[in-house]
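These notes concern the structure reproduced below.
The values are calculated or read from the model by the stated rules, or taken from the named source; none is laboratory data. The shown structure was predicted, so the numbers you read here are calculated from the model rather than taken from an experiment. Cβ placement follows ideal geometry from the backbone for every residue including glycine, while neighbour counts extend to all protein chains displayed.
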Amino acid sequence: MHVLLLKEPRDGESGIDPYIEELAAHGHTAALVPVLAFAFVSSNTLSDKMFQPEKHGGLIFTSPRAVEAVKMCLETQQRLEEWNKCVKDKWNARSIYVVGKATASLVRSLGLTPLGEDTGTAEVLARVIIEREDTNIPPLFFPCGSIKREVLPVALRESGVPLETLTVYQTAEHPDLEKNLRNYFTEQGVPASVAFFSPSGVKFCLEVVRRLSGEQLPQIKFAAIGPTTEEAMAAEGLRVTARRKSQRRDTSLQRYKKLSSNHPARIVPFVHFVLFICVIWFTFTFTLLVYSPESFVFCILANCAKSVL
């Protein structure tokens, strides 16, 4: 079964993409077509701010690309030595918030200690920040991309948490996107499944996929990685066959613990209800896996997303 992945290669890694590797291990043929191109901007301003941690209450990174922009500020030997000698320790005395494991991994490569990597979305991270931070701190510094969603900045400002943003990279359509998609459809034919990984992927790819698929478009099973991607697909009238929510399973466990501590007398019937739902879910999922190869592919995509997001 052929699967088309509309995503970028993982930052800072060589070799086979983990999604392609996982799908191949289960007998499926997957191909990756890069959707976006990036250009770094405001490098001098970013460098100045990163070397003045005393002016900020902490850092926020919601994408690996923003961390890459910071790494570029450390390319000279003098800057790197200064960073390792004292600057990174000053930042580590503050809160450094991140979304996602890939972003957290890059932040650690800078010698910094990330918080919130399991939040999964900017919305959830915003709630964590609001709960942790006072309104009288110096502004949190948020290096970001040109097409970031405004959910996190709006939430923080409405709660009175000071924030300073700086656009450090511009996002645009990959210059060879349409050519690469056309080549894929010519060589592989119409894929059985297509997975979108970002709202930008939907924006830049969907019309091309529709045009190249022609009358076979209704046969394609579409998957969304992340809630914002699913929203973008729904806005385009696209039926999402499967989705992977980025929020972690840990959140449900934390809610369970909180419920059990606050309402011990109610927890037994609650557990029975949850177990009943789990049995129904397992039966339904098993049926899908037996009768639908596409569903099995989406399960693989979801499991892979848990480990790399």
Legend entry - helices (runs of 4 or more DSSP H) enclosed by segment 1-78 - at least 1 residues per element that are in contact (Cβ under 8 Å) with a residue 60 or more places away in the chain and of a type in the set (Ser, Thr, Tyr): 18-25, 43-50
Inset, instruction - Go through segment 111-143 and give me each residue that's of a type outside the set (A, V, I, L, M), modelled with pLDDT of 95 or more and surrounded by 19 or more Cβ atoms within 10 Å (Cβ to Cβ). - result: Pro114, Glu133, Phe141, Phe142, Pro143
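Among the residues of segment 85-98, what is the count of those that are over 18 Å from Leu46 (Cβ atoms) and in a helix (DSSP H, G or I)? Talk me through it step by step, then tell me what you get.
Quick first cut of segment 85-98, residues over 18 Å from Leu46 (Cβ atoms) only: 85-86, 89, 92-93, 95.
Still in the running and in a helix (DSSP H, G or I): 85-86, 89, 92.
So the count comes out to 4.
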Inset, instruction - Search segment 214-237 for residues that are within 19 Å of Val35 (Cβ to Cβ) and pair each with any residue that is surrounded by 18 or more Cβ atoms within 10 Å (Cβ to Cβ) and β-branched (Val, Ile, Thr) when their beta-carbon atoms are under 6 Å apart and the residues are at least 6 apart or on different chains. - result: Ile220/Val194; Phe222/Val194; Ala232/Val202; Met233/Val202
Inset, instruction - Can you work out which of the residues in segment 44-55 that are surrounded by fewer than 13 Cβ atoms within 10 Å (Cβ to Cβ) and among the polar types (S, T, N, Q) is nearest to Lys71 (Cα to Cα)? - result: Asn44
Inset, instruction - Go through segment 69-111 residue by residue and tally those that are of a type in the set (A, V, I, L, M, F, W, C) and within 28 Å of Thr228 (Cα to Cα). - result: 9
Inset, instruction - With the checklist (1) assigned to a helix (DSSP H, G or I); (2) of a type in the set (Ser, Thr, Tyr); (3) touching a strand residue (DSSP E or B) at 6+ places or on another chain (Cβ under 7 Å) in hand, flag the one item Thr167 doesn't pass. - result: (1)
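Can you pull out the residues in segment 199-208 that are in contact with a Lys or Arg (Cβ under 9 Å, 6 or more places away or on another chain) and either β-branched (Val, Ile, Thr) or surrounded by 22 or more Cβ atoms within 10 Å (Cβ to Cβ) (or both)? Walk me through how you get there before you give the answer.
Going through segment 199-208, the residues in contact with a Lys or Arg (Cβ under 9 Å, 6 or more places away or on another chain) turn out to be 199, 201, 208.
Residues satisfying the conditions are Gly201, Val208.
Is there a residue being under 25 Å from Glu133 (Cβ atoms), surrounded by 19 or more Cβ atoms within 10 Å (Cβ to Cβ) and either modelled with pLDDT of 90 or more or assigned by TED's automatic domain parsing to the domain that holds Gly120 (or both) anywhere in segment 12-30? Show your work before the answer.
At the first step, the residues of segment 12-30 found to be under 25 Å from Glu133 (Cβ atoms) are none.
Within segment 12-30 (the criterion being under 25 Å from Glu133 (Cβ atoms), surrounded by 19 or more Cβ atoms within 10 Å (Cβ to Cβ) and either modelled with pLDDT of 90 or more or assigned by TED's automatic domain parsing to the domain that holds Gly120 (or both)), the answer is no, since none of the residues qualifies.
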Inset, instruction - Return a yes/no flag: does segment 91-100 have any residue that is farther than 20 Å from Glu133 by Cα and touching a Gly at 6+ places or on another chain (Cβ under 6 Å). - result: no
Inset, instruction - For residues that are at pLDDT below 95 and assigned to a loop (DSSP other than H, G, I, E, B), scanning just segment 99-110, find the one that is surrounded by the fewest Cβ atoms within 10 Å (Cβ to Cβ). - result: Gly100
Inset, instruction - Among the residues of segment 144-163, count how many are surrounded by fewer than 16 Cβ atoms within 10 Å (Cβ to Cβ) and in contact with a strand residue (DSSP E or B) (Cβ under 7 Å, 6 or more places away or on another chain). - result: 3
